[in-house]
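What follows is a set of notes on a single structure, which appears directly below.
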Amino acid sequence: MADGINSGLYAEIAVNTPVNRTFTYGIPRGMCIKPGVRVTVNFNGRVMTGYVISTHDREPEGFEVKDIVSIIDEDPVFDHRLIELASYISDSYISSIGETLSKALPSGVSRKVRSSGRPLKVPMPGPISLTAEQEKVFSDINSSGVSAHLIFGITGSGKTEIYIKAALDTIAQGRSVIYLVPEITLSSQIFDRLQRVFGDELVLYHSGLTPNRRFESWMKFQSGEAKIAVGTRSSVFLQAPDLGLMIIDEEQDSSYKEQSSPRYNAKRVAYYRSVKEKATLVLGSATPSIETMHSAESGKIKLHKLEERYGGASVPEIEVVKVKGRGDEISPRLKLFTNRAVKKGNQAVYLLNRRGFAPFVLCEECGTAVECPHCSIGMNYHRNRGLLCHYCGYMSDVPETCGKCGSGAIVKLGSGTQKIEDIIQGEFPGYRIFRLDQDTARKKDTAAELIEKMEKREIDILLGTQMVSKGFDFHGVTVAGIIMADIGLNMPDFRSTERVFSLLLQLAGRSGRGEENGKVIIQTLNETNPIYDYLKKQDYTGFYRSELDIRRMLDYPPFSRLARIVFRGRNEEEVSKTADRVGEEIERLLFSEKPEVMKLGPAQAPFVKIGGNYRYHIILKGRRLSELQKLLNEIMANYRSKSVYAEIDIDPVDML
């Protein structure tokens, strides 16, 4: 990278476009341009933000060079390390370096951030008290010489205390720390706790902040004025003078995967950075993802275990209750334990698993769902079409009787669960109910209001979606209830069982963190599902072994790598024909080049229509990522359509 001002007459600039290359622009006389600054440029008739990669004096040939319109930053906001990282991501996830830099850097109008000149307010933290078990994990991480670690600790085992001590140790060495959490609401609670330890050395970084606040946090961390940053997925891009530690809490959470181009996984990006920048990576979870645990067992990352609850709290008791479905949303057992808790001044948390509403078909008698015979994935019901597998496209009629028990009590479930809040209010008149979901979480200060009210015990029942299971630490909660676990179990996604197991065990961990024991009620239509035996015993390892056997048999990750092409457009016939045409081209390449790749589909995506766009997809499965990338690059190089957009997802975590 060139140094100084105007080392050349031209600048190589990346812009947020799918074309993976830089574009040459002229530097106007008198304009001070350095690599690493943002500028505005005229690109295809639009004024866009550009990212200056380098400057030079080689006059381009064959086209008229446009000048840079204006400069945004006085000083560089990124350097060669972020350019190298962006190149790695664009190559890995079939995107462009401009798209990656646009995703990585804070958006909006920037302002130059100068140090106040005042000494930083850094509290003198008391000694972090670790149990013998925690101390052993901390010492093993420090002395192992390994860059990547997994702390597998039961809920409430005190992983956060180890994170804090590791961060203090890293900062004492003059190095910086990035601390990732899965949700904005959770980052606020963690931030408050960490601020009492790190004071002004700590910054917050997530999409809920104003553009100026995000930019200020970016620059403070880049300059070294702030030594620790806590934030969500995009925090993985934060630059520091000397990065020493990256922490990813609740590492199993799917929100670490970006859902728009480039569709990067923050865990893989963090691992890459830890190797490149000689930093330590610490992942933590009570329910590690199958892929992460397999990596730990195979020696790619070092495994550490915490098997005791911090502070002497006991693990909650889990009870599985069979319900009948409609009209039986709050079981007598859940109502009994909720009333007992609230009357004693304690609190209850209810999980409403609203992930998807495509109806599924099951037997009301034995609870068995209809699965695709080819994919071992739950099939979805579509009016006028019957049952459809959204992986391979297999179709069948709705059975008249259950294939397992022979009962004729076949029902369609999965819609109408939004009404549960009204039902709870009817069951518990006078109780103070707080709802936390994507809608309420968008409102300003929702997280702060929730935390304050829960800690003051001004909420009796916290009702929420998946967010309520993620790392909150409320000592007044003694009851956790899952309204209907079956909805998530029958989603057409090979990870659905893992996702539900993790969600339910994480929610169970919100209960009984204080002095009183916790109780967990899981309501289900099918109490014989093997997942509930593992949950009752809180046996993650047993579940992991069982799930790993299924993945091995079906050749799903971690035994293969996946890629997904999603086609979307306003006209369903055009989308379907485009998917078929690309599918045929893939078949041709598979026949001629013979890579070890399997193609599933094309088929309708489980959520076939979103925002007025029809969606079809093709799933590719292979042993080596390089073969999938080569195939996809060949396909996309020849892809042309003005009305159907094709999006590429490497290692997808959501198949809907």
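The values are calculated or read from the model by the stated rules, or taken from the named source; none is laboratory data. Every value quoted in this text rests on a predicted model; they were computed, and no experiment measured them. FYI the Cβ positions are ideal-geometry reconstructions off the backbone, even for glycines, and counts take in every protein chain you see. What goes into the accessible areas is simple: the full protein's heavy atoms, side chains included, and nothing from ligands, DNA or RNA. Shrake-Rupley method; radii C 1.70, N 1.55, O 1.52, S 1.80 Å.
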Calculate what fraction, in whole %, of the accessible area of the chain sits on carbon and sulfur atoms when a 1.4 Å probe is rolled over the protein chains.
48 percent
Per residue, how large is the accessible surface of the chain? Use a 1.4 angstrom probe and give square angstrom.
43 Å²
Using the Cα gyration tensor of the chain, with a ≥ b ≥ c the square roots of its eigenvalues, what is the shape: rounded (a/c below 1.5), prolate (a/b larger than b/c) or oblate (neither)?
oblate
With a ≥ b ≥ c taken as the square roots of the eigenvalues of the C-alpha gyration tensor of the range 182-339, please select rounded if a/c is under 1.5 and otherwise prolate if a/b is larger than b/c or oblate if it is not?
prolate
Dipole of the chain [Lys/Arg +1, Asp/Glu -1 at C-beta], most positive-end residue of Asn142, Ile610, Tyr645:
Ile610
Placing +1 at every Lys and Arg Cβ and -1 at every Asp and Glu Cβ, with all other atoms neutral, what dipole size does the chain have around its Cα centre, in debye to the nearest 20?
700 debye
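Restricting to Cα pairs below 8 Å that are 6+ residues apart, what does the relative contact order work out to for the range 507-584? Please round to a whole percent. If you can, show how the numbers build up before the last one.
Working: 21 pairs, mean separation 8.2, N = 78.
Dividing the mean separation by the residue count of the range 507-584 yields 11 percent.
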Farthest toward positive dipole pole in the chain [+1 Lys/Arg, -1 Asp/Glu at C-beta], among Phe474, Leu105, Tyr381:
Phe474
Going by amide H atoms built from the backbone, whose H comes under 5 Å of the H on Leu281, apart from near neighbours?
Ala148, His149, Met246
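How would Tyr639, Tyr88, Tyr205 rank on accessible area, largest to smallest, probe 1.4 Å? Could you put the intermediate results ahead of the total?
Values: Tyr639 35, Tyr88 60, Tyr205 0 Å².
The ordering from most to least exposed comes out as Tyr88, Tyr639, Tyr205.
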Determine the alpha carbon to alpha carbon distance for each of Lys577/Lys609; Lys227/Lys456; Lys324/Lys519; Lys305/Lys344 and list only those over 25 Å.
Lys227/Lys456; Lys305/Lys344
Identify all aspartates and glutamates with a Cα-Cα distance to Lys278 below 19 Å; exclude those on the same chain that are fewer than 8 residues away in sequence.
Asp79, Glu84, Asp140, Asp169, Asp242
Taking the Cα centre as origin and putting +1 on Lys and Arg beta-carbons and -1 on Asp and Glu beta-carbons, what dipole magnitude results for the range 446-510, to the nearest 20 debye?
100 debye
Rounded, prolate or oblate: pick one for the range 1-91, where a ≥ b ≥ c are the square roots of the eigenvalues of its C-alpha gyration tensor, a/c under 1.5 means rounded, and failing that, prolate if a/b is larger than b/c, else oblate.
rounded
Of the options Gln629, Ile586, Thr497, report the single residue whose Cα projects farthest towards the positive end of the charge dipole of the chain (beta-carbon charges: Lys, Arg +1; Asp, Glu -1).
Thr497
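If you put +1 on each Lys and Arg Cβ and -1 on each Asp and Glu Cβ, how big is the dipole of the range 224-275 around its Cα centre, in Debye rounded to 20? Display every interim value, and only then the final one.
Values: 7 positive and 7 negative charges, 49 e Å.
Computed about the Cα centre, the dipole is about 240 debye.
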